[in-house]
Structure formats: C-alpha cells, structure tokens
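Have a look at the structure below, then the notes.
What follows draws every value from the coordinates through simple rules; no lab data is involved. From a predicted model like this one, the values you see are computed outputs, not experimental measurements. With ideal geometry, Cβ positions are generated from the backbone for all residues, glycine too; neighbour counts draw on all protein chains shown.
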Amino acid sequence: LLEALAHDPQGLEMQDWLSHTAHLLGNISVLLLSFQHNLQNRMDDNVVIPEPVALLHTGRPGCPKKLIDVEFLTEAVSTSRQIKLTELSEMLGVHRNTLRRYMKCYGVERKYSNLTNVDLDCLVTEFKKERPD
C-alpha cells in the first residue's frame, strides 16, 4: 500500500494517515492482548459457588444421605422465584418427596403471595360486601 501511495499525488497525505492508523491499531492490539492475559490469569477469590446439596456418607449400605441447605431452599421457594417444586427437585438431583420432607423439616412453606391469611380474609370479606350477588 505504501508503494502504491508513493506514486499517487495525494500519497504523502495518505501515507501519514496510514502510518498513524497502523500505529493506533498496533496499540489497540497490544492492549487487547494485555486484557486477554489479565482475564486468563485473574483469580476469582470473591466468587462463591453455593453447594445447595451436601452428601452425608453414613458408612451404612445404600446411597448417601442428601442434605439440602436451608438458606438456599428458603430463597429458591420464595414468591419472587416462581420455581416449581418439581423443577427444583430435578435441579438439585433429589426426589420431589425428599424436597418436600426437607421443607417440612425446616419449616419452609411454599407461598404464592406475600398476603397473610388474615389479610386475605379481610379482602374476601370486603369483596363480598361490595358484590353480594
């Protein structure tokens, strides 16, 4: 390209532009390689991957006991998550009855709304007063 531009009347201007552009692209290339190197060597010490199910080897015959983390279970069945229990049990690798048993054991309830029973009763009573038919 530089030889072709040398014979062109506007070649000198283009040579300067090409040289400047090549210099900028070289700098970008060096920065990208440095960025890639930093990403590959970055330590993820602050990242904690939760282990929602722990295996307890009892030394007895059969499969090990599966212990589900209570905090994970509480968050997973919260009203904001909308995760079906069947899907959750499949993700955790436990039977749905095992999941329900741990929910009952931990006192974790599956709620579909943040309304308490008293609030719901009040709403139904008000609705019936406004629309008796």
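Tabulated values for the structure
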item: q = 0.12, 0.18, 0.32 Å⁻¹, segment 82-133: log10 I(q)/I(0) [Debye, one scatterer per Cα]; result: -0.46, -0.68, -1.15
item: Computed over the chain, the ratio Rg/Rh where both radii use C-alpha atoms and Rh is Kirkwood; result: 1.46
item: Footprinting exposure proxy for 91, 103 (fewest neighbouring C-beta atoms within 10 Å first); result: 91, 103
item: Proximal charge balance of residue 57 [Cβ under 14 Å; K/R count +1, D/E count -1]; result: +3
item: At R0 = 30 Å, FRET efficiency that the Cβ-Cβ distance of residue 67 and residue 113 yields, to 0.05; result: 0.55
item: Inter-probe distance in nm under a simple model that places probes 7 Å from Cα toward Cβ, at residue 42 and residue 25; result: 2.8
item: DSSP-assigned coil residues among trypsin sites (Lys or Arg not before Pro) in segment 53-133, each with at most 15 further Cβ atoms within 10 Å; result: 81, 84, 110, 111
item: Residue 83/residue 57 FRET efficiency (R0 35 Å; Cβ-Cβ; nearest 0.05); result: 0.75
